[in-house]
Structures are given as C-alpha cells and as structure tokens.
Amino acid sequence: LAVLVLEEGDHLTTADFDQREGSMLPRLFQDSGGQATADGAITVLQGRGIGGSTVHNTNLCKRAPAPVLRRWADELGLAGWSPEALAPDYAAVEDELRVSVMSEDDLNGNNQVLRRGVEKLGWRGGLLAHNRRGCARSGFCELGCAYNAKENAHKVLIPDALRLSARVLCHAYVERVRWQGGRASGVVVRARREDG
C-alpha cells in the first residue's frame with residue numbers, strides 16, 4: 001500500500017518538548033487545550049501533531065472493559081468487537097508499544113494515599129499498565145516527553161511506518177473525505193502555515 005499520513009499540526013522531536021505550557025499547549029492540542037463539548041461540561045484534550053494524543057497523554061494503557069465490548073458486539077451488532085475477538089489485537093499493540101504493569105516504585109505519595117483509601121473502603125484496586133521506559137518522573141507528560149520515555153505512536157509507530165515507505169504531510173488540514181462507490185477516494189486538504 002502507498003500510505004500518506006496527513007496531520008494538521010507539527011512533526012515535533014523530543015528536543016521541541018520544552019516542558020512549558022505556553023509553547024506546548026498550542027502545538028500539541030487542538031484549540032490550545034481549550035476544546036470542549038458543546039455545553040462546555042467536558043474538556044476534550046485532542047492531540048494535534050504527529051503522534052496525536054499519544055504525544056501528550058500520560059501513557060496509561062487500559063483495555064476497554066469486557067462488559068462494554070460485549071454490549072457493543074451483542075446489542076449493537078458490532079461483529080468483531082467482543083473481548084475475545086479483540087484480545088489478539090490488544091496483545092499485538094501492547095507488545096509493540098511495550099505495555100507493562102507499573103511497579104511499586106512508580107507509586108508517588110498521592111497514589112499511596114489513594115491505595116490506602118481503596119483498601120480501607122474494601123474496594124478492588126491495583127497497579128495500572130503503562131508504556132514508559134526510562135521515565136524521569138518530571139511530571140510533564142502532558143506537554144510531550146523531553147526524555148523520550150514514551151513508547152507511543154510518535155516514537156514507535158510513525159518511525160516504523162516511515163521505514164516502510166509511508167510519507168507524512170504536516171500542516172495539512174483535512175476539510176473533507178471524498179467518497180465514490182461507498183469507498184473513500186480522496187481528501188480535500190487545506191495547507192496551513194506553521195503559525196496556523
């Protein structure tokens with residue numbers, strides 16, 4: 001296949017992640033991080049840039065709950081969305097992105113207080129899975145990792161795609177997808193300068 005990745009934002013490097021909100025929010029988030037639902041009740045932290053939201057997320061990795069997937073498969077008729085059908089796909093992605101359960105060393109003071117509360121209430125809790133290697137624990141995950149510790153689309157998937165001859169076009173705002181005979185046949189793109 002000939003693959004072209006279209007992205008409205010930048011193709012940043014680790015050196016660009018300066019850990020400053022003033023410079024990173026406009027570069028990594030749609031609407032500089034101010035995007036919200038129509039009623040303003042929920043902030044939508046949509047990524048903008050090569051790697052999308054995986055660049056600014058905290059790299060916590062969780063599979064969709066089995067009851068949700070079963071409902072999608074059974075009640076909504078979405079074939080292939082059962083937990084059993086998705087299990088091999090989850091495993092492949094988790095392997096490629098080096099997902100593992102966090103260690104006890106990853107628990108900070110806040111997490112330890114939360115754990116004690118969960119235990120005292122008799123609730124079920126545990127360590128989350130993540131895909132960070134060599135985390136410096138700087139606390140700036142949401143501004144891009146200046147330490148290159150995230151095993152995300154920006155670091156893993158895009159470079160793999162480029163090695164396999166994919167091309168990337170940044171500052172390309174997709175206005176609409178053209179359809180022909182029930183299939184996507186092209187896109188209408190508006191080029192944007194780096195300043196928007």
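The values are calculated or read from the model by the stated rules, or taken from the named source; none is laboratory data. Quantities reported herein were computed from a predicted structural model and do not represent experimental measurements. Counting neighbours? That spans all protein chains shown, and the Cβs are built from the backbone with ideal geometry, glycine included. The accessibility values were calculated without ligands, DNA or RNA, using every heavy atom of the protein model including side chains. Shrake-Rupley method; radii C 1.70, N 1.55, O 1.52, S 1.80 Å.
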If you filter the stretch 79-156 for chymotrypsin sites (Phe, Trp or Tyr not before Pro), then keep DSSP loop positions with at most 13 other Cβ within 10 Å, what is left? TRP123
How much FRET efficiency would the formula 1/(1 + (r/R0)^6) give for GLN180 and ARG115, where r is the Cβ-Cβ distance and R0 is 45 Å, rounded to 0.05? 0.25
Using only DSSP helix segments of four residues or longer, with each worth -39500 (n - 2.57), what per-residue ellipticity at 222 nm results for the chain after dividing by its residue count and rounding to 500? -7500 deg cm²/dmol
Between SER185, SER53, SER82, find the one with the highest GNM mean-square fluctuation for the chain; connect C-alpha pairs within less than 10 Å. SER185
Ignoring ligands and nucleic acids, ARG167 exposes an accessible area, probe 1.4 Å, in Å² to the nearest 10, of 150
The chain, Gaussian network, Cα under 10 Å: of ALA149, ALA85, ALA172, the residue fluctuating most is ALA85
Contact order normalised by length for the chain, with contacts defined as Cα pairs under 8 Å and 6 or more residues apart; what percent is it? 31
Pair CYS135, ALA36: separation of 7 Å Cα→Cβ label points (nm): 2.9
At 7 Å along Cα-to-Cβ for each site, give me the label-to-label distance between THR58 and ARG163 in nm. 3.1
So how strong a dipole does the chain carry about its Cα centre when Lys and Arg Cβ are +1 and Asp and Glu Cβ are -1, to the nearest 20 debye? 100
³J(HN,Hα) computed for each position of the stretch 133-149 - Karplus, 6.51 cos²θ - 1.76 cosθ + 1.60, integer Hz, glycine/proline x: 10, x, 4, 8, 6, 6, x, 10, 3, 6, 10, x, 8, 5, 9, 6, 8
